[in-house]
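Please treat every number below as a calculation from the coordinates, not as lab data. Predicted, not measured: the structure shown is a model, and the values here were computed from it. Note that each Cβ is placed from the backbone with ideal geometry, even for glycine, and that neighbours are counted across all protein chains shown.
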């Protein structure tokens, strides 16, 4: 604890962002847009991806090691788990393991679904592990929504193949969504929102929007999580000098200053990227998710 | 070494078979058919799959840990690396790390291609990491063949989704093979053999055979590796009491006895399966690859 304490006493205000791969860079992109004054440390556990097909026990072990790296080695004072699978299966384990606030993507995604849905019935597409955890169904139920979840294991490989605007991908999406809508109808549901429960899926958003029934809203939980993180940093709490109920006053003040910079061309937010494998591939593909160059990606070893 | 020596002095004649996942069970199935008297220990490093998208350094580290488990903990006296990626990138590292003979799938696949091709030009489809290693191209060149390799990263996810006889899979195969044949034509090649350089691909063999040009032979390196292993165990070496040039006489005699058993319904070969994660999924899907139940799969921890 004393070692952690000394890191947290520095003047660096770092938000740690963690994913099993590059997909979480879509969350980082949305965070940078909302918190341009913050520093970010992003870790992709690329040596052990994908988490989506692994067990809860293994995912929790990997995610805790990754979170500890961001807090202990990078001095992160706030963690965003930009990975639906790790948020679904390991959020408690991460919160127990690090002494800083931790935000996942599931709760913000469910909040956005509640805001969007009028019928109270929503659909969720995600990886196998996220669906098997039923984390979205539970978060939706807690908000008075009924959710039907479906695993779509081919969508991540199709994104990584670069087929984000390809007839095969459109056909796979059509097959998955037809099956999901048929199941919803069979259960007497009337869904009007579809949650993208995987950080790769925003890259397929145009194809997905063309496949959903008229009137169905598409919810991006990456956007929703970034929005929630920015709100935490920017919302004053009544009677408290800290603008954020879970962040310290000084940290929130440092990262939460969203006034536009004085100069016309503001510098990009400071971003350091780390990966446990394949840094060249990370640099090459990551910029597509981040929408700006990742810079030099640093290789780290978490053991195993 | 003394610890290893004591294991090897037992009467157990175990062939260790290693893969990053379940795909290598197609190699095990072919081995069991040829060496019904042997005992097999199969390890799927499922916590860290897929290897196909990882770096050489990481793949070698994982594969060496896995090989050491099979030799040290299971007393394997002969290892078959039933994973194209590990064979392509880590065979040397494994051979350096364990004191038993090690056979990969690349060389047998290239031997089978040489036997099948009349034009001397062959095509290879495999994972990204196998293709980037150019291990098949090198093995083919050493046999006087020209090889053109292509990564097909969507085929493993399609097999794991169970879409082994699905129009989308047929279309993806058509796209990949059209691109590969066009590139071969552009290079002035006249290929007449296609090597399946990934142990998942045999499950797509019917679809692939429908997509290749007339007269093109499809080579399964899983079958080829099993054939090579059985030959090593069964072929007497002139002037030597050992039937196999790389195996000890006693080991080869014990496992290489391929006389049909006296009873009409021979017992199945003794198979123990180990996995580093998701043993239930292994048991459920593995039987499709092995073509018989895997039995109880034992969970092990290789660290990491």
Can you give the Rg to Rh ratio of segment B:107-222, both from alpha-carbon atoms, with Rh computed by the Kirkwood formula? 0.94
Per residue of B:152-163, other chain Cβ atoms within 10 Å number on average 4
So what is the relative contact order of segment B:107-222, in percent, for Cα pairs below 8 Å that sit 6 or more residues apart? 35
I'd like the distance separating the alpha-carbon centroids of segment A:66-142 and segment B:96-129, in whole Å. 44
Exercise: per-residue mean of other protein chain Cβ atoms within 10 Å, A:170-183: 1
Mean per-residue count of partner chain Cβ within 10 Å for B:205-217 equals 0
Between copies, how close do the residue B:272 label points come, placed 7 Å along Cα→Cβ, listed in nm from shortest? 4.6
For residue B:182, place a label point 7 Å out from Cα along the Cα→Cβ vector, do the same in each other copy, and report the separations in nm, one decimal, smallest first. 3.3
One decimal, nm, nearest first: from residue B:119 to the same residue in each other copy, label points 7 Å out along Cα→Cβ, the values are 5.4
